[in-house]
Structure formats: C-alpha cells, structure tokens
Amino acid sequence: MKSLDEAAKTIDLRFSIGMTVNKEDGLIVDVIPGSAAAKAGVGPGMKMVAVNGRHWSKDLLVDAVTATKNGDPLELLVDNNEFYRACKLDYRGGARYPWLKRDGSRSRIS
C-alpha cells in the first residue's frame, strides 16, 4: 500500500475513513459512499485545509486517523470552492488496510 501511495502521490484511507487524498495539494480525489467521510459531508473535489484544527499535512492526517482507535476525535476543515466546511467524522477504527487471509476450507491444487 505504501508503494502504491508513493507512486500515485495519494493517501489511501478508503479502508478506514473512506477517502483518497492527493498528498501534494490536499485535494480529495475520491470518497466512498456510506463511509465516515461521506456521512460527515466530505466530497470529491474538496481540498483539505486542516486536521483537528492544525494546518493539514500527510503525516498529521495519517496520525489523526490512527489516533481515533484511542477515542481521539477527527475533524477535517475542507475548502469547497468559496466555502469552508468543518466535518466531524464519526470514526473510531484507527488506520485500517486490506490483508489477505487463507481460506482453510479450500483445498490446494497440486
């Protein structure tokens, strides 16, 4: 996931808060419908301004998502053209990433 994020110049948070962000300019590239980000009002095309009241950065965003596992709040300030919007995300899962797990009920092919 890290290599893919580096090559694509994005921060992939689809499996946690449900969005992908361009790490160079903070542009929100994609938001998954029904995710914590979508429910809070975050949408594609908005631009990240701040995370929990601090000027946004890639590391700050990832750290803030990780800290939600400890119960810390997550609030994003986004720029939607000429309007700013504070979006409080209802999320407590921490940073999540996909992983593969072998299905023991299936036989191996020889």
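Just so you know, all these numbers are worked out from the coordinates, no wet-lab data involved. This is a predicted model, so every value here is computed, not measured. Note that we place each Cβ from the backbone using ideal geometry, even for glycine, and neighbour counts take in every protein chain shown.
Quick notes on this one:
- The residues of region 47-81 that are basic (Lys, Arg) and in a helix (DSSP H, G or I), listed by number, are Lys58, Lys69.
- Tabulated pairs, region 39-50, first over 15 Å from Thr20 (Cβ atoms), second of a type in the set (Lys, Arg) and part of a strand (DSSP E or B), C-beta under 8 angstrom, 6+ apart or interchain: Ala40/Lys88; Gly41/Arg85
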